[in-house]
Amino acid sequence: MHVSLYELDQTLLKAVLQEWGQPAFRAKQLYKQLYSQLASDPQQMTDLPQKLRDELSSRAAIGNLTCVREQTADDGLTRKVLWSLPGGAVVESVLMIYPPDRATVCVSTQAGCAMGCVFCATGKLGLLRNIETGEIIEQVIFFERYLRQHAAELSHRLDVPIPDHITNLVFMGMGEPFANYDRWWRAVERLNDQQGFNLGARHMTVSTVGLVQGIRRLADEGLQINLAVSLHAPNNALRSALMPVNDRFDIDDLLDAVRYYIERTNRRVSFEYVLLEGKNDTPELAAQLGALLKGMLCHVNLIPWNPVPGTPLERSHRERVLAFQQGVQAAGVPCTVRVERGVEIAAACGQLAAIPSPTSPIELHAR
Ligand code: SAH
Ligand code: SF4
């Protein structure tokens, strides 16, 4: 298999091209082709000499991912892609368009996940493998290309403005980003690089199950990435029952790390809280959560649980969600309810399991 150009940073690209007898400035041109022109074929790189284009065609690949399936929902505003990775594992990523001016990609960082949260479809798979830096980047580039090509047509069809580029990234797809920290971080740097994809760090959010060493590392990185922490319970007994990771890092350890992050970055943290009927959604627990987080630079994002086949749980009813929200707010902690997207194509939070669903509309993507 050829090396994927998205696996190489500028220094490595330079080294490879140098080996091929090319001057250093060619690496800069190639980098620009990959991250801002978004060439999908070396022959499109018309600022490069023909000989180099041919060499790239025969010796390298623009990406390693194969798009196996695309599905759309919400009138075309949600788009889920199933990828097959070299080696056979499959992962998913989702584009969510919010007219008039926002388009967010939910990116996967691992195929499967080792964390085993009881309510999550990805957790049921176990960890299959880490996603490489270039493979993380490719998920983003794919949707950027898609928006460039289709925003005008979609905007015309829906009669609303649609952005022609990605405005936000959330690392909330399959996997635990901090369990694949180094590869994930290299992707973030390249996506943030002004000479690369050039997306501002403030437009990126990473969600963690609560790996405290990752939270502390991120705090020390010096980039203004938003942090979301999956809390889901205000006490250790309940959190451990839902999330095995709590036996390694309990709520005290977790909040210590979060306080460190806030101290270092001065950024507001969001706590995610999946609501499960009768399990973690009572008024007492809302009050406990409010008391736990009171005074912190944070807000709580409530997520009505999205169904995962074969899981004996129930999503909280709407009135309980609203009552819980009020309970948290009563303690002075800002609390919102997440707007849902893509439930019918299993593209919503925690539903990504990369399992073909024959009942959903299927479009094959020719690459
Ligand atoms: N591993 C990371 C990021 C991926 S999961 C983490 O756990 O934070 C992204 C978010 O979706 C997390 O807050 C997770 O708890 C939540 N989630 C998982 N399963 C869900 C489900 N079935 N319904 C709603 N949210 C879910
Ligand atoms: Fe992994 Fe996040 Fe799912 Fe937990 S919720 S199993 S950490 S992907």
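The values are calculated or read from the model by the stated rules, or taken from the named source; none is laboratory data. The structure presented is a predicted model; accordingly, all values stated were derived computationally and were not measured. Reconstructed Cβ throughout: ideal geometry from the backbone, glycine too, with neighbour counts over all protein chains shown. Quick note on the areas: whole protein, heavy atoms, side chains included, nothing else; ligands and nucleic acids left out. Shrake-Rupley method; radii C 1.70, N 1.55, O 1.52, S 1.80 Å.
Taking the Cβ of CYS117 as the centre, find all other residues whose Cβ is under 15 Å away and add up their charges (Lys, Arg: +1; Asp, Glu: -1). Taking every other residue near CYS117 into account, the sum is +1.
Report, in degrees rounded to the nearest 10, the 0 to 90 angle that the Cα long axis of helix 10-19 makes with the longest principal axis of the chain. Helix 10-19 sits roughly 30 degrees off the main axis of the chain. Only protein atoms count toward the accessible area here, which uses a 1.4 Å probe; on segment 66-364, the carbon and sulfur part of that area reaches 51 percent.
Here segment 143-246 yields Rg over Rh of 1.09, to two decimals, using C-alpha coordinates and the Kirkwood radius. Charges were assigned to the Cβ only: +1 to each Lys and Arg, -1 to each Asp and Glu. The resulting dipole of the chain about its Cα centre is roughly 340 debye.
Show that you can apply the helix-only estimate: for the chain, add -39,500 (n - 2.57) for every DSSP H stretch of four or more residues, divide by all residues, and state [θ] at 222 nm to the nearest 500. Only helices count here, giving -10500 deg cm²/dmol.
Pair-distance distribution P(r) for segment 203-272, from all Cα-Cα distances in 10 Å bins starting at 0: 22, 56, 21, 2 percent. In segment 3-61, Cα pairs under 8 Å separated by at least six residues give a relative contact order of 34 percent. Placing +1 on the Cβ of each Lys and Arg and -1 on the Cβ of each Asp and Glu in the chain, which of LEU169, ASN130, TYR31 has its Cα farthest towards the positive end of the resulting dipole? Of LEU169, ASN130, TYR31, it is TYR31. Kirkwood radius, segment 125-172, all distinct C-alpha pairs, inverse of mean reciprocal distance: 12.6 Å. Set the Cα radius of gyration of segment 83-128 against 2.2 N^0.38 Å, with N its number of residues, and you get 1.42. By how many degrees, between 0 and 90 and to the nearest 10, does the Cα long axis of helix 251-265 differ from the longest principal axis of the chain? Once rounded, one gets 50 degrees.
Under 1.5 on a/c is rounded, so check that first for segment 231-282, then, if it is not, pick prolate when a/b is larger than b/c and oblate when it is not; a ≥ b ≥ c are the square roots of the alpha carbon gyration tensor eigenvalues. Here segment 231-282 falls in the oblate category. Our summary of shape: the Cα atoms of segment 180-321 have principal axis extents of 50, 33, 28 Å, ordered from largest down, in whole angstrom.
When the Cα convex hull of segment 3-61 is projected onto planes of every orientation, the mean area is 3.4 nm². Charged side chains reduced to their Cβ positions (Lys and Arg at +1, Asp and Glu at -1) give segment 132-280 a dipole of some 220 debye around its Cα centre. In segment 151-198, one over the average inverse separation of all distinct C-alpha pairs is 13.1 Å, which is the Kirkwood hydrodynamic radius. Rounded to the nearest whole Hz, the Karplus-based 3J(HN,Hα) values (6.51 cos²θ - 1.76 cosθ + 1.60, θ = phi - 60°) of segment 49-58 follow the sequence x, 3, 4, 5, 4, 5, 5, 4, 4, 8, with x at glycine and proline. Expressed as a whole percent, the accessible surface of segment 3-61 that belongs to carbon and sulfur atoms is 52, based on a 1.4 Å probe. Expressed in Å, the radius of gyration and Dmax of the Cα atoms of the chain are 21.3, 70.
Normalising the average separation of contacting C-alpha pairs (under 8 angstrom, six or more residues apart) by the number of residues puts the relative contact order of the chain at 16 percent. A 1.4 Å probe run over the protein chains yields, for segment 289-349, 48 Å² of accessible area per residue, whole-number rounding.
What residue among ALA61, ALA114, ALA187 has the largest mean-square fluctuation in a Gaussian network model of the chain, using Cα springs under 10 Å? Ranking ALA61, ALA114, ALA187 by mean-square fluctuation puts ALA61 first.
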